[in-house]
Amino acid sequence: MRAVRIEGPRQVATLDVQEPEATAGEVSVRVRAAAICATDRRLATQGTPTPRIPGHEVAGLLEDGTQVGVQPNVGCGRCASCALGLENRCPDHVDIGIQRDGGLAEWIVVPERHAVPLDGFPFDLAPSIEPLACCLHAVAMLELDLGDPAVVVGAGTLGVIGMWALQSAGARVAVVQRSEARRRLAAELGANAVLEPGADVEAALGSRPRAALVTVPSAEALSWALECVDVGGRVHAFAGIPGGAPIDANLVHYRHLRLVGSTGSTVADYRRARDMARSGSISLERLPSRSIALEEVPQILLDPHPDPRTLRFVARP
């Protein structure tokens, strides 16, 4: 089969590889669409410990024709987190497209439980269910009340989807973004306010934010969010930060803040995201995207200056 494979740092190619075979408890999925995300770009740039097919935002067909989306965070099935259905918190989790081969290929093998029926949801939009599930998981941790002001730092794919997830929870959302093109895009996609760094969020929303979702890998952005939210506010560190981030504990201590974080989602989150997308309560078709062939993926993964107004690249094997 044809697949995109990372061989080393900045060594990415589309080539012929052996088709994977399902073992006990697994199913084979013929990939119909797989999206590229920032994690895939990072893996392509830095390389992987062993050659790896990336891609964790995937949809396709089972051998019996059932349409499925792939929830990529696979737990051990034995620990306390897995018993609670929190596979993304499993200390021994294995993520599809990261620790095991992913969906930027013609076929992928996944655990049967992680092949979630799409119930007719369009293939070209289905890969975006995965980042929506991650955002819904994160927003639930912020415990918002109806009408709460909130701020999202970053207007990439996850920033925009996170904005929609916050709004679906009843929040009024300002988006902070350096790029003017991305600020305009966030405004077009429904932000209640868009601001450049340093602007007055309180003035834009009418009060200080009760919550912040930080979607950019920046220590500066995380520190700013801790200063920006109101006393008693919540900040979600949604993006990992290379090398970590020093945090002023006094901000958290004296301002009674709650700093939380999460990575990935659960199968239950994925099903909820699918249902919200199917109902139209969150319209994933609004995400600016472009379809590409597998042969184009290596160039897109290694492009240091992607089009700021194209949030999604969806490969169609």
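The values are calculated or read from the model by the stated rules, or taken from the named source; none is laboratory data. No experiment lies behind these values; they were computed from the predicted model shown. Positions of Cβ are generated from backbone atoms using ideal geometry, with glycine treated the same way; all protein chains shown enter the neighbour counts. The area values use the complete protein model at the heavy-atom level, side chains included, leaving out ligands, DNA and RNA. Shrake-Rupley method; radii C 1.70, N 1.55, O 1.52, S 1.80 Å.
Quick notes
- Any hit, the range 144-151, residues being modelled with pLDDT of 95 or more, surrounded by 18 or more Cβ atoms within 10 Å (Cβ to Cβ) and over 30 Å from V267 (Cβ atoms): yes
- Top-ranked residue of the range 256-279 - restricted to ones that are open to solvent by 40 Å² or more (accessible area, probe 1.4 Å) and part of a loop (DSSP other than H, G, I, E, B), ranked as modelled with the lowest pLDDT: T263
- If the condition is being buried (at least 16 other Cβ atoms within 10 Å of the Cβ), without any contact (Cβ under 8 Å) to a residue 60 or more places away in the chain and among the β-branched types (V, I, T), then the range 201-240 contributes V201, V235.
- Inspection of the range 41-62 identifies at least one residue that is at pLDDT 95 or above, exposed (fewer than 13 other Cβ atoms within 10 Å of the Cβ) and either assigned to a strand (DSSP E or B) or within 21 Å of the chain's Cα centre (by Cα) (or both).
- The lone exception for A13 - which of (1) farther than 25 Å from V68 by Cα; (2) of a type in the set (G, A, S); (3) open to solvent by less than 20 Å² (accessible area, probe 1.4 Å) it fails: (3)
- Residue within the range 16-30 that is under 23 Å from L132 (Cα atoms) and open to solvent by less than 60 Å² (accessible area, probe 1.4 Å) present: yes
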